[in-house]
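Novice: This structure is in structure tokens; I'll ask about it shortly.
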Amino acid sequence: MPTVPAPGATGVTAAPRPAGDSDVLRSIRDALIGPVTGLLTFASNVDALASVAGWQGPAADAFGGRMHAIANRMRSASRTLGDGQQALDALANSLQDADESWDLAQALTGQGVPAGGLFAGAAEMSSSAYRLARQRLDDATHRLAPLTLDSRAPQPKPMTLPVNPCGLVPEEAAGAFWNQGMVPINTECLAVVEVTIDMDGIPVETFEAVPIGREAEESKPKKAGRDEPIQSVQEKVRIRARIDRQLAAGTADEKFEAGVAKHVLAEGFPILKFRSLFVTSEGEGGEIDFETNEAIVEVTRSPNGKVSQTRKYQDPLVNPTHKAVIVFSPTYANQAAADLAEQGVFVVRDMNQLINLLHELRG
């Protein structure tokens, strides 16, 4: 090996340049950015999968715990790779400093100026940086090894899917499936029924596919004290046909009204009445836009009004079971809503609010 010149000596060959390329090390550091950030994103996604809507019980808790453990291992792997990044960055910076010291020593030596101390310092800086980087990278490797083994283990399966034919298993019994790690899938069975539908005063014979099984249970009152009849298949079909007809051939306001009713129906709230005429105990006439087991709903695009109309809905002859009264209007003014609130009427401005309120009223 070339000798390091003693202080004051000249014409002596310089010490070798410290080994390593800081630019290459920084390239490797940057290549780890994707895995570090990607693992954190995957961990968040796995955490989101740990909770299955409606699934409760020991099996759900065990599944959620396993999924959260997987997410935590991903975060641990991300932190470990991040530590490796920092080790490579520190090594690259130290090698760059050692290179600069060596360049300075080489230049001084070429001018006959003693630079043995600079050469020795560059060599020690490089050697020390390598030792520290190796320790940190070895530690990261040891921490990654068990995580790598865990990643090869079979992933937990959330559930199997037994079939509940025609929805015959009641909803209150579904917990037995959930707690065994299973989801009961309700199939819908259909029957073709001949029905007579009154279209603008003209009876029309038609065939309609209607669900069979436990669907009649949906139309039973959900709260004690309500004595409402279960809808017949023919009545359900007639109401659905009227909604569809109004959607297809109604005015803009009528289509808006029918669209709201159809969405409510699709969310599992049977429509008991649609565009139903009534007379109050005071002899005043009116029309209910639509009615469910939970509420009478007035649909409008107007920003105000409806005080007198909704008061009729609270008449004991029109509303003997004291159902809630709801005004659905996307543009309803705050003051108008406050006036209706004093009357005990709910005001909602979008479909999510309406569906959530119906669920609350269903209890």
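The values are calculated or read from the model by the stated rules, or taken from the named source; none is laboratory data. Computed from a predicted structure; not experimentally measured. Because the Cβ atoms are built from the backbone with ideal geometry, glycine has one as well, and the counts that use them run over all protein chains shown.
So that you can scan it fast, the table gives a plain yes or no per residue for (1) at pLDDT below 80; (2) surrounded by 13 or more Cβ atoms within 10 Å (Cβ to Cβ); (3) of a type in the set (Gly, Ala, Ser):
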| position | (1), (2), (3) |
| --- | --- |
| Ala9 | yes, yes, yes |
| Thr13 | yes, no, no |
| Gly34 | no, no, yes |
| Ala43 | no, yes, yes |
| Ala59 | yes, yes, yes |
| Phe63 | yes, yes, no |
| Ala71 | no, yes, yes |
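Novice: Now a separate question. Which of (1) under 23 Å from Ile239 (Cβ atoms); (2) surrounded by 12 or more Cβ atoms within 10 Å (Cβ to Cβ) is the odd one out, the single condition Pro330 does not satisfy?
Specialist: Here Pro330 clears every test but (1).
Novice: Please report, ordered by residue number, the helices (runs of 4 or more DSSP H) entirely within the range 235-343 with at least 1 residues that are under 23 Å from Gln353 (Cα atoms), under 32 Å from the mean Cα position of the chain (by Cα) and in contact (Cβ under 8 Å) with a residue 40 or more places away in the chain.
Specialist: Those helices (runs of 4 or more DSSP H) span 252-266.
Novice: What residue, of Val327, Val299, is closer than 18 Å to His263 by Cβ, touching a Leu at 6+ places or on another chain (Cβ under 9 Å) and modelled with pLDDT of 90 or more? Lay out the reasoning, then the answer.
Specialist: Numbers: Val299 fails: touching a Leu at 6+ places or on another chain (Cβ under 9 Å).
Answer to the selection: Val327.
Novice: What number of residues in the range 296-314 are aliphatic (A, V, I, L, M) and surrounded by 22 or more Cβ atoms within 10 Å (Cβ to Cβ)?
Specialist: Qualifying residue count for the region: 2.
Novice: Output the residues belonging to the range 258-288 that are of a type in the set (A, V, I, L, M), surrounded by fewer than 19 Cβ atoms within 10 Å (Cβ to Cβ) and within 16 Å of Tyr313 (Cα to Cα).
Specialist: Across the range 258-288, the qualifying residues are Leu277, Val279.
Novice: Can you confirm whether Asn72 is under 20 Å from Arg26 (Cβ atoms) and either of a type outside the set (Lys, Arg) or in contact with a helix residue (DSSP H, G or I) (Cβ under 9 Å, 6 or more places away or on another chain) (or both)?
Specialist: On the way: under 20 Å from Arg26 (Cβ atoms): no; either of a type outside the set (Lys, Arg) or in contact with a helix residue (DSSP H, G or I) (Cβ under 9 Å, 6 or more places away or on another chain) (or both): yes.
No, not satisfied.
Novice: Moving on to the next point. Kindly check whether there is at least one residue in the range 282-292 that is among the polar types (S, T, N, Q) and in contact with a strand residue (DSSP E or B) (Cβ under 8 Å, 6 or more places away or on another chain).
Specialist: No: the range 282-292 contains no residue that is among the polar types (S, T, N, Q) and in contact with a strand residue (DSSP E or B) (Cβ under 8 Å, 6 or more places away or on another chain).
Novice: Please state which one of Gln86, Gln96, Gln135 is closer than 17 Å to Asp21 by Cβ, polar (S, T, N, Q) and either in a helix (DSSP H, G or I) or under 57 Å from the mean Cα position of the chain (by Cα) (or both).
Specialist: Result: Gln96 is the single residue among Gln86, Gln96, Gln135 that is closer than 17 Å to Asp21 by Cβ, polar (S, T, N, Q) and either in a helix (DSSP H, G or I) or under 57 Å from the mean Cα position of the chain (by Cα) (or both).
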